[in-house]
1. With both bridge residues required to lie in the chain, what share of the DSSP beta bridges run antiparallel, to the nearest 5%?
2. Using 0.36 nm times the number of residues separating residue 107 and residue 36, minus their current alpha carbon distance, what extension gain do you get?
3. Run the numbers for residue 169 and residue 25: contour at 0.36 nm per residue of separation, minus the present Cα-Cα distance, in nm.
4. Give me Rg/Rg_expected for segment 14-112, where Rg uses Cα atoms only and Rg_expected = 2.2 N^0.38 Å with N residues.
5. Using Cα pairs closer than 8 Å and at least 6 residues apart in sequence, work out the relative contact order for the chain, in percent.
6. How far is helix 20-31 tilted off the main Cα axis of the chain, in degrees rounded to 10, range 0 to 90?
7. Send over the Kirkwood Rh of segment 156-207, from the inverse of the averaged 1/r over different Cα pairs, rounded to one decimal Å.
8. Take every Cα-Cα distance within segment 1-65, group them into 10 Å bins from 0 onward, and report for each bin the whole-number percent of pairs it holds.
């Protein structure tokens with residue numbers, strides 16, 4: 001079974017707060033695409049800079065936007081999901097979360113992505129690789145691990161994941177997890193048992209320096225709670241996985257060239273995250 005181009009419509013959700021330059025970088029990436037078959041939803045958390053004024057002056061570029069205080073990144077993503085659900089037909093079929101500062105990998109990403117979505121209409125989740133900037137400015141590919149290794153944590157950045165809205169309509173980001181709610185959301189989608197599809201595509205350029213990178217210990221704690229609550233994982237297995245994550249972080253911080261050699265490669269068997 002395959003879908004058709006007419007049935008595929010991508011919602012791109014961008015969350016921003018006090019980062020107009022990041023929003024403009026994301027917008028430039030979208031406007032550079034060779035296809036315009038997407039709807040742009042922007043949730044601004046009540047910015048104190050010029051973001052809201054810019055959005056008001058460019059409302060023709062979005063199908064929906066708001067500027068109002070929220071409870072953070074994942075609350076804003078939930079608000080955007082509600083807005084997508086409330087839109088009249090023709091409705092979007094899939095959603096990609098591309099937050100302020102994140103960009104698509106090149107100007108043909110959507111041109112390549114949409115036919116892949118149509119070719120896998122039963123997949124609840126589709127994902128690809130991401131680009132990251134290493135210290136020193138070198139841009140490298142961070143290969144996605146298989147979704148079958150989701151116990152280890154996020155197998156690619158959520159900016160490189162496309163969720164089918166039919167499956168995610170009943171899911172929202174759990175605000176108890178300030179850093180790892182995307183992990184809980186993704187596991188909830190996978191737990192539904194529908195196919196997940198690895199795409200032969202580099203999807204995004206990830207904007208580094210976020211909270212999860214600044215506080216990795218908290219992120220590991222949240223992931224352990226999520227594995228217990230969503231997957232029923234016991235203490236011993238959780239502790240083992242926590243240890244592997246700690247080892248990967250230690251390696252990245254103390255011997256970054258060795259981490260880069262193994263993680264930023266085509267070897268998807270790597271356990272590093």
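1. Here the antiparallel bridges make up roughly 35 percent for the chain.
2. Working: separation 71, 0.36 × 71 = 25.56 nm, distance 1.11 nm.
This chain segment gains 24.5 nm when fully extended.
3. Separation in residues times 0.36 nm, less the Cα-Cα distance, equals 49.0 nm.
4. Normalised by 2.2 N^0.38 Å, the Cα Rg of segment 14-112 equals 1.02.
5. 20
6. 70
7. Numbers: mean 1/r = 0.0823 Å⁻¹.
When all Cα pairs of segment 156-207 are included, the Kirkwood radius is 12.2 Å.
8. P(r) over segment 1-65, rounded to whole percents: 19, 51, 20, 8, 1.
Bear in mind these aren't lab numbers, they're just calculated from the coordinates by the rules spelled out. Quick caveat, the model's predicted, so the values are computed rather than measured.
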